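Asker: Next up is a structure, given as structure tokens.
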Amino acid sequence: MVAVYAGLALFSCISGIMLWSSNRRAPEVTKTYLIVSLLAVAVLYSSYTLVGLHLDLPRILLHRGVYTCLWYAYLVRSRRVRLTYATEHEVTPMPSPSSPEAASP
């Protein structure tokens with residue numbers, strides 16, 4: 001259990017540093033972290049249940065699942081994330097019509 005959570009903590013730190021440094025691959029790494037952490041916790045606690053430990057597995061998975069779904073949806077749908085981590089393959093954002101860059105011909 002300690003090894004699983006230590007690995008997830010390390011993965012989370014790497015993901016956070018990538019997001020903080022505006023690395024273009026950060027959203028994909030973070031989405032991968034969210035999925036891996038949900039699956040790792042599900043497998044870990046399910047195996048404990050199979051060997052006879054009585055845990056509130058539905059509650060644990062519900063909380064982790066809601067957390068994962070909300071952050072994953074934010075990373076996929078957020079305009080701010082798209083603009084911050086735009087890759088060279090995506091459309092470059094246009095300046096606002098009211099910005100000075102758009103006013104100059």
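Asker: In the range 8-47, what count of residues is obtained for those that are more than 12 Å from the chain's Cα centre (by Cα) and touching a residue at least 12 places away in the same chain (Cβ under 8 Å)?
Answerer: The number of residues fulfilling the criteria is 9.
Asker: Just checking, which of S15, S21 is exposed (fewer than 11 other Cβ atoms within 10 Å of the Cβ) and at pLDDT 90 or above?
Answerer: Values: S15 fails: exposed (fewer than 11 other Cβ atoms within 10 Å of the Cβ).
After applying the criteria, what remains is S21.
Asker: Collect the residues in the range 57-98 that are of a type in the set (V, I, T) and either modelled with pLDDT of 90 or more or touching a Lys or Arg at 6+ places or on another chain (Cβ under 9 Å) (or both), keeping them in residue-number order. Steps first, please.
Answerer: Step one: list which residues in the range 57-98 are of a type in the set (V, I, T), which gives 60, 66, 68, 76, 81, 84, 87, 91-92.
Matches in the range 57-98: V66, T68, V76, V81, T87.
The values are calculated or read from the model by the stated rules, or taken from the named source; none is laboratory data. Quantities reported herein were computed from a predicted structural model and do not represent experimental measurements. No Cβ is skipped: glycine too gets one built from the backbone with ideal geometry, and neighbour counts run over all protein chains shown.
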